[in-house]
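In what follows, a structure is listed as structure tokens, so that the remarks can point back to it.
The values are calculated or read from the model by the stated rules, or taken from the named source; none is laboratory data. A quick note: this is a predicted structure, and the numbers were derived from the prediction, not measured. Please note: Cβ atoms are built from the backbone with ideal geometry, for glycine as well, and neighbour counts cover all protein chains shown.
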Amino acid sequence: MSSRFLKQSLFAASVITIGTNLLSRVFGFLREAAVAGYFGTSAGFDTFVLAFTIPELVTFIVFAALPMALIPIIKKVKDDDAYNLSSLFWCGLILFTALFGFFSVLAYMFRDTLLFWLAPKLGGNQLALGKRLAAILAWFVFFRGLEAYFRSWLFAKKHFIVPSLSAILINVVILSSLFLFYGQLGIETLAYGWLAGSMLSFVVNGLFALIVIKPTLHAGGGLVLTGTLLKATFAVALIEAISLIYPVIDRSLAARFLGEGQIAALRYATFLIHIPTGIFVVAYSHASFPWLTDLSASPNGESFGNFYRQSIRLLIFVMGLIAAGVLIFPTDIVRLAFQRGAFDQESLHLTAGPLRYYAAGIVFYSVYMFQMRFYYARKAWLRLGLILAGMLLIKLVCSLGLVDPMELNGLALATAIAWLSGFVVMTWDVGRSTGIPLRDLFSSAILKILLSLLAVIISWIVIARLWPAEASSSFFSQLFRLTVIGTTGTTIYAGLAYRFRLPELQQVIQRIRSRPRSKTGK
């Protein structure tokens, strides 16, 4: 495969994935906006978040772990070896059907214990509600887990559209459920909506995977590969559990030490800050992983070095602008996104604070999330696990120290500090193991990016003073104001990037202008 063809294929995959993720994030925002309007930062929504914590965490882990474990194994099987591919597909499907079914049964049987572990002070009507919600959401793990299995096969075969669009199906089902059944079922409507959406997404991804893979019905002998897959999945899942457990820590500490509405506010803030990471960072990381797996076989080569440096700088270039905007306008963003219905002024205040602190660390989060894929591609699981365990320890210590003086803002700040530590350690470690000096990674281009960001920040501060926000203004007035401010800052940023001849901007422009070529480059 030529280098040029690889770049164009990766760019196309990234555009497709980012585009579909952007659309799915729009629907995700509509879902959260509807949830905020119905429930705000109420005690009932706090209880839902607690009941959803373990099923959501398990599925997050599975969605992150399965592609990282499955794709390298599939790459060992030649594309023309349909027999072994079919064997791996069916054996893996049987294995994970049993495994996710077992997890769902456990979540249902021990729902009381899990709720008590998360929120020992939960009692009365809220405890009864939590048990009902947990009983519904336990089966979410089964359908969402198998969806993740099918998605992993589609990613391995470089099919990105259907997995990305499946999130839209779930959000449409949830929105429809709220609009149709909220009056009869209340907060339980949200749980049934998530369950029904996961069932539909499971069916769609499963059918499309069968069409793409075309597994034969009489395949066998895939036990060796399946055993390798199971081992890899558990290894990666353990690592992902360490990296994804932060919300569990925050919700548990908030339930123990903070008042009503704090858990819901943290969820809203987390959702908002992960809109841009879901659109760009997660999409780019998933799209690039098959190519990263190929290049990491010779990590000291020129192709890998160029790919790694360009990816890191591109993430800093894009996410730096987003972080600056959220740092300056957190209240305006939350007001525009959620303040209607049950989401009142107190909800606004509770949510804007942690959003600002999350924004302070989002660039570091974006970079280390991409760097994790390098460890997965090289199967350096132990090294990655030790780094993430150190980050988790920092998160725990900082959370316990900051939750009392700063409340939920302290929990968000502790997360940002942990992200910073992961960025520093992984950047040093990957550079050391691949022979890429830090001076090559953080060259003068980074200084130019920082200068461009400084100019944008100054312009935004000036505009915000000259054109202050009004809480009583309409939704469209708020949207118009933020759109004008955001467009102005982005234009200044892009103009300075062009003036400085930043390679990140030049790469995007060149790829947009270039025509796809054949594999031989003719």
Being modelled with pLDDT of 85 or more, buried (at least 23 other Cβ atoms within 10 Å of the Cβ) and more than 25 Å from the chain's Cα centre (by Cα) narrows G130, G145 down to just G130
Restricting attention to the range 250-282, the residues that are without any contact (Cβ under 8 Å) to a residue 12 or more places away in the chain and of a type in the set (G, A, S) number exactly 1
Note: among R151, R111, just one is crowded, with 23+ Cβ neighbours inside 10 Å, charged (D, E, K, R) and on the phi < 0 side of the Ramachandran plot, namely R151
Cβ pairs under 6 Å, 6+ apart or interchain, first in the range 344-356 and polar (S, T, N, Q), second at pLDDT below 95 and assigned to a loop (DSSP other than H, G, I, E, B), ordered by first then second residue, are S347/G40; S347/T41
Only unsatisfied item for A232, checking (1) part of a helix (DSSP H, G or I); (2) more than 27 Å from the chain's Cα centre (by Cα), is (2)
A237 passes all but one of the listed conditions (1) farther than 30 Å from G123 by Cβ; (2) modelled with pLDDT under 85; the exception is number (2)
So the helices (runs of 4 or more DSSP H) completely within the range 399-467 holding 3 or more residues that are closer than 16 Å to P354 by Cα and either at pLDDT 95 or above or more than 26 Å from the chain's Cα centre (by Cα) (or both) are 408-434
Would you say R356 is in a helix (DSSP H, G or I), among the charged types (D, E, K, R) and at pLDDT 95 or above?
yes
By residue number, the members of the range 118-130 that are of a type outside the set (A, V, I, L, M) and touching a residue at least 60 places away in the same chain (Cβ under 8 Å) are P120, K121, Q126, G130
Note on the range 180-200: residues in a helix (DSSP H, G or I) and in contact (Cβ under 8 Å) with a residue 40 or more places away in the chain are Y182, E188, L190, A191, Y192, W194, L195, S198, M199
The condition of being under 30 Å from N125 (Cα atoms), modelled with pLDDT of 80 or more and either touching a Leu at 6+ places or on another chain (Cβ under 9 Å) or β-branched (V, I, T) (or both) holds, among L88, L57, only for L57
Per the filter on the range 249-262, residues touching a helix residue (DSSP H, G or I) at 6+ places or on another chain (Cβ under 7 Å), over 22 Å from A36 (Cβ atoms) and of a type outside the set (S, T, Y) are I249, L253, F257
Scanning the range 468-481 for residues that are surrounded by fewer than 17 Cβ atoms within 10 Å (Cβ to Cβ) and assigned to a helix (DSSP H, G or I) gives F475, F476, S477, L479, F480
Of the conditions (1) under 29 Å from F155 (Cα atoms); (2) out of contact with any Ser or Thr (no Cβ under 8 Å at 6 or more places or on another chain); (3) at pLDDT 85 or above, the single one that A232 does not satisfy is (3)
Over the range 235-279, the set of residues part of a loop (DSSP other than H, G, I, E, B) and closer than 15 Å to L411 by Cβ is I245, L258, G259, G261
query: Is one or more of the residues making up the range 271-286 of a type in the set (A, V, I, L, M, F, W, C), closer than 26 Å to L386 by Cβ and at pLDDT below 80?
result: yes
Checked against (1) loosely packed, with under 12 Cβ neighbours inside 10 Å; (2) charged (D, E, K, R); (3) modelled with pLDDT of 85 or more, R501 satisfies every condition except (3)
When restricted to I94, I170, the only residue among the β-branched types (V, I, T), out of contact with any Pro (no Cβ under 8 Å at 6 or more places or on another chain) and buried (at least 20 other Cβ atoms within 10 Å of the Cβ) is I170
Over the range 457-497, the set of residues hydroxyl-bearing (S, T, Y) and in contact with a Ser or Thr (Cβ under 6 Å, 6 or more places away or on another chain) is Y493
*Does R151 satisfy being of a type in the set (K, R) and under 23 Å from L99 (Cβ atoms)?*
yes
Those residues of the range 451-469 which are touching a residue at least 24 places away in the same chain (Cβ under 8 Å) and either among the basic types (K, R) or out of contact with any Gly (no Cβ under 7 Å at 6 or more places or on another chain) (or both) amount to L451, S452, A455, I457, I461, I463, A464, A469
When K379 is run through (1) over 25 Å from L258 (Cα atoms); (2) part of a helix (DSSP H, G or I); (3) basic (K, R), the failure sits at (2)
Apart from one, (1) farther than 28 Å from Y38 by Cβ; (2) surrounded by fewer than 22 Cβ atoms within 10 Å (Cβ to Cβ) all hold for A342; the odd one out is (1)
